[in-house]
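The values are calculated or read from the model by the stated rules, or taken from the named source; none is laboratory data. Keep in mind that this is a model prediction, so the values were computed, not measured. Don't worry about glycine lacking a Cβ; one is built from the backbone with ideal geometry, like all the others, and counts go over all protein chains shown. Accessible surface areas use protein heavy atoms only, side chains included; no ligands, DNA or RNA. Shrake-Rupley method; radii C 1.70, N 1.55, O 1.52, S 1.80 Å.
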Amino acid sequence: MGMHVTRRSALALGAGAAVLVGAALRSGGAEAAAEDTAKAISDLAGGKEPQAGRITLTAPEIAENGNTVPISVSVDGDLAAPDAVETVTIFAEGNPNPGVVSFHFTPLSGSAEASTRMRLAKTQNVIAVAKMRDGSVYMDKKEVKVTIGGCGG
Amino acid sequence: MKGQLGMAGLGLAALLSMGSAASAQDADKLVINGDLEMTTRAPAPEGLPFEEVISGWHFREDETQALETDDFDNPGMLMVERGQDLWNEVQGAAGKSCASCHGEAAESMKGVGAKTPFWSAEAKRPVNLELQINQCRTERMQAEPYKFDDPDQIAMVSFVRFQSRGMPVKLDLDQGDMKAWWERGKELYYTRFGQLDFSCASCHEQNAGKYLRADYLSQGQINGFPTYRLKDATLISTHNRFKGCVRDTRAEPFQPLSDEFMALEVYVAWRGTGLAVETPAVRH
Amino acid sequence: MAANVKPRVRVPKTASKDEVIVIKTLINHEMETGLRKDKDGKIIPRQIINKFTAEFNGQKVFEADLEPAISANPYFEFSVKVPESGTMKFTWVDDNGSSYTEEQKIEVQ
C-alpha cells in the first residue's frame, strides 16, 4: 500500500496539527486515477449519466487504517422487478487502480445489500454504481479520510 | 497540561496535540458474540498514576471496535483456529502433540494466559507463552523450537491465550524473583531511549488520550496480544510490538524474548491488572 | 499461503419459507496486490481471490468479482431468500487456478 508516501508527507506537515490528513496528501497520480474512475463509470453506464438515489453506500468518515475499511451498499427495489438492480460496482478513485469489487444480485438474493472490507491508499472518494436490468444507472459517493498513524510499530 | 507536555520532552511535545472529544476513549461496552462481557476498565493497581487502567479497545474508532465484537468478524480468529489444529498435531521425535499431555486446551490452558508472564522454577526466570511453548517443544516433544514470530508460534500462543479470554489479568509477583524482574521492567519503562528521547511512559503514561500525529495514544496495554492489527492484516506478538515502539523512538530495539523485553513484559502486563484478556484483540 | 486457505461461513441452519437470511463469509488469503516489491526490488506477483460465488440448490444467489483493493482475508456479508430446504454452496476462485468450496444445509421449517 502507499504507506511510504503518506508517512513522509505527514512528517512534512506542521507539528502539533490535528492531523486528519485529507486533501493535502493528493499527489499528481490521484487525478489520473480519478479520470480512470470517471471513464470506468461511463463505460459501465453505457455513456448514460448516473442518477442519484436508489443506491446507498455506507463507509466510515474516518478509517484508522487504510488496509481494512468496512463498506456496505444497499439498493432499493424488488429484485424480481424489471428495474431491479443487477450489478453494483465499487470504485476507489485515489487507489493505484480504481476497481474494487462488483456485486451481482439475483432474485434469490432477497435483498440487494452487501458488505465487504477494502483497501484505501489514502484519503479519497469511494463510489458505488448500480446498474439496473432496464439499463438505468445510479450512483452514490462517500469521502473516506484515511488517518496517518503516529506509530508504525 | 502544558507542564506535562514540557516534561515529556520537546520532541514529543511537538508531535502531540490534544485529544478531541470526538474520539476520546469512549464509554462503549465490549461484549463479544452477544454474551461475553469484557472488563475493559479496571481500578489501576497501586503505584500507577492512573485512576483506572483502560483497554486499547476504547481508544479506537467504532468500525475497528466492531471487528472485535463478533468472532466471525474478527480476522484474528483465523489464527486461533490454526492454533487449535496445531494443538492436536503430533510433532517431534517423541511422537507427541500438545494434546497428548495437556488434553483439552479449554480446560488445561484456562487461566494460563491471564497470569502470563509467570515464574518458571525450572528456568529460574519469568516465561511467557512463547518461551513456555518452546520449552515444551524441545524437552517434551523433542521438536524444533519455533523461531520467533513463526506464524505457527503466533497461532499457538494466540490459541493458548484465547483460553483465558474474558479472565482478568493477574500476575503472581510473589513467585521466585518475579519482583526483581518487575523492578527491572519498571526501570526500562521509564528510561528514555533513542534520538527522540522517549520512554514508554512519555507516550503511554504522560500522554495517553492525546494525539501523536493522527494516532490516538492508548495506555499501551498488552491484555489483547497477540493482537490483529489492521495495518499488518495479521496477528502481532507482544515483543514484535515492543520492537516497533522502541524503533519508533529511533533507538536500536532489544531482541525479542531478551531479558530486557521479558522484564518489560512482566511490568507492562502488571500495568493491565484487572483488564480482561482480549486475545485476539483487533486494533488499527 | 495457498496450502492453508480455509473458508469460513456463517449460515443460519433453519429458516422459514421465503425468509431473507443474512450470510457471512471469510477466507484467509493474503490478497497479494501485484504492486508490492520484495527485498530485492522485484515485484511480488499478484495473487488474489478473483471471484466469489454463492449458490442455493445450484441456482446463483450472489456473486462478486474481486480486485486487489479487497482487503486480505476477504469478507462478504449478503443475503439469500430461502424458497425451500436445500444447500448453500460457496466457491472462491484463486488467481493460481485453485478454487475453495464450502457447503451448508438450510432447513425450511
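Below 12 angstrom from the Cβ of residue B:162, what's the summed charge of the other residues (Lys, Arg +1; Asp, Glu -1)? Walk me through the intermediate numbers first.
Working: positive: B:82, B:110, B:161, B:165; negative: B:71, B:81, B:278.
It works out to a net charge of +1.
When the solvent-accessible surface of protein heavy atoms is calculated with a 1.4 angstrom probe, in what order do B:96, B:179, B:29 fall, highest first? Please list the in-between numbers first.
Values: B:96 65, B:179 115, B:29 160 Å².
Order by accessible area, largest first: B:29, B:179, B:96.
If you stretched the chain out fully between residue A:61 and residue A:80, how much longer would it get, using 0.36 nm times the residue separation minus the C-alpha to C-alpha distance? Write down the numbers at each step before the final one.
Numbers: separation 19, 0.36 × 19 = 6.84 nm, distance 3.33 nm.
Roughly 3.5 nm would be gained on extension.
Quick one: grab the alpha carbon gyration tensor of segment B:45-160, order the square roots of its eigenvalues as a ≥ b ≥ c, and give me rounded if a/c is under 1.5, else prolate or oblate depending on whether a/b is larger than b/c.
Working: a/c = 2.46, a/b = 1.43, b/c = 1.73.
The shape class here is oblate.
With the Cα gyration tensor of the protein assembly as shown giving a ≥ b ≥ c as the square roots of its eigenvalues, does the rule (a/c under 1.5 for rounded; else a/b larger than b/c for prolate; else oblate) give rounded, prolate or oblate? Walk me through the intermediate numbers first.
Working: a/c = 2.02, a/b = 1.37, b/c = 1.47.
Cα axes put the protein assembly as shown in the oblate bin.
Once every DSSP H run of n ≥ 4 in chain B is given -39500 (n - 2.57) and the sum is divided by its residues, what mean residue ellipticity at 222 nm do you get, rounded to the nearest 500 deg cm²/dmol?
Working: 12 runs with 97 residues, N = 284.
Counting only the DSSP helices, I get -9000 deg cm²/dmol.
To the nearest 10 degrees, how steep is helix B:238-248 against the longest Cα principal axis of chain B, on a 0 to 90 scale?
30
At 1.4 Å probe size, put B:69, C:25 in order of accessible surface, largest to smallest.
B:69, C:25
Quote the relative contact order of chain B in percent (integer), defining contacts as alpha-carbon pairs under 8 Å separated by 6+ residues. All intermediate terms of the calculation are to be shown ahead of the outcome.
Values: 525 pairs, mean separation 77.8, N = 284.
Across chain B, relative contact order equals 27 percent.
Specify which residue in the list C:98, C:80, C:64 is farthest towards the positive end of the charge dipole of segment C:6-108, using unit charges on the beta carbon of Lys, Arg (+1) and Asp, Glu (-1), about the Cα centre.
C:98
Enter the accessible area of residue A:140 (Å², nearest 10), with the probe set to 1.4 Å and all protein chains included.
Accessible surface of residue A:140 is approximately 40 Å².
Nearest 10 degrees, 0 to 90: what angle lies between the long axis of helix B:151-162 and the longest principal axis of chain B (Cα atoms)?
80
Can you give me the long-range amide H partners of residue A:100? Hydrogens built in the peptide plane at 1.01 Å from N, cutoff under 5 Å, separation of 5 or more residues or another chain.
A:90, A:92
Please check which bits of segment B:128-169 a label hung off residue B:94 would reach, taking the label as a point 7 Å along Cα-to-C-beta and the cut-off as backbone N under 17 Å.
Only B:130-146 pass the distance filter.
Which of these, B:49, B:226, B:168, has the largest mean-square fluctuation under a Gaussian network model of chain B (Cα springs below 10 Å)?
The residue that fluctuates most here is B:49.
Taking θ = phi - 60°, what integer Hz values does the Karplus form 6.51 cos²θ - 1.76 cosθ + 1.60 yield along segment A:132-141, in sequence order, with x for Gly and Pro?
Per residue, the Karplus-derived 3J(HN,Hα) values read 9, 4, 7, x, 6, 9, 10, 9, 9, 9 Hz.
Of the beta bridges DSSP finds with both residues in segment B:130-284, what % are antiparallel, to the nearest 5?
Values: 7 of 9 bridges.
For segment B:130-284, the DSSP antiparallel bridge percentage is about 80.
Taking 8 Å as the Cα distance limit and 6 or more residues as the minimum spacing, I'd like the relative contact order of segment C:6-108 as a percentage. Provide the component values of the computation, followed by the final result.
Details: 238 pairs, mean separation 35.0, N = 103.
Answer for segment C:6-108 is 34 percent.
I want the local charge near residue B:175. Using Cβ-Cβ distances under 13 Å, sum +1 for each Lys or Arg and -1 for each Asp or Glu among the other residues. Working shown, then result.
On the way: positive: B:115, B:124, B:125, B:170, B:179; negative: B:122, B:172, B:174, B:177.
That sum, taken over residues with Cβ under 13 Å, equals +1.
With +1 assigned to the C-beta of every Lys and Arg and -1 to the C-beta of every Asp and Glu, and no other charges, what is the dipole magnitude of the protein assembly as shown about the Cα centre in debye, to the nearest 20? The partial results should precede the final answer.
On the way: 60 positive and 74 negative charges, 237 e Å.
For this selection, approximately 1140 debye.
On C-alpha positions alone, give me the angle between the axis of helix B:77-87 and the longest principal axis of chain B, in degrees, nearest 10.
That helix lies at roughly 30 degrees to the long axis.
Keeping all protein chains in place and using 1.4 angstrom, which order do B:277, B:31 fall into by accessible surface area, from largest down?
On the way: B:277 0, B:31 45 Å².
Largest accessible area first, the list is B:31, B:277.
Is segment B:135-247 rounded, prolate or oblate when judged by the Cα gyration tensor, a ≥ b ≥ c being the square roots of its eigenvalues, rounded requiring a/c under 1.5 and prolate requiring a/b larger than b/c?
Working: a/c = 1.80, a/b = 1.40, b/c = 1.29.
Because a/c hits 1.5 or more and a/b exceeds b/c, segment B:135-247 counts as prolate.
Which value, in Å² rounded to 10, gives the accessible area of residue C:87 with a 1.4 Å probe and all protein chains present?
Accessible area of residue C:87: about 40 Å².
Per-residue accessible area for residue B:90 at 1.4 Å probe radius, Å² rounded to 10?
So the heavy atoms of residue B:90 present about 90 Å² to solvent.
If you take every residue apart from residue A:56 with its C-beta less than 10 Å away from the C-beta of residue A:56, what net charge results, scoring Lys and Arg +1 and Asp and Glu -1?
Numbers: positive: A:54, A:142; negative: A:76, A:113, A:140.
Result for the local shell: -1.
Could you give log10 I(q)/I(0) at q = 0.15 Å⁻¹ for segment C:6-108, computed by the Debye formula over C-alpha point scatterers of equal weight, without solvent?
Result of the Debye calculation: -0.63.
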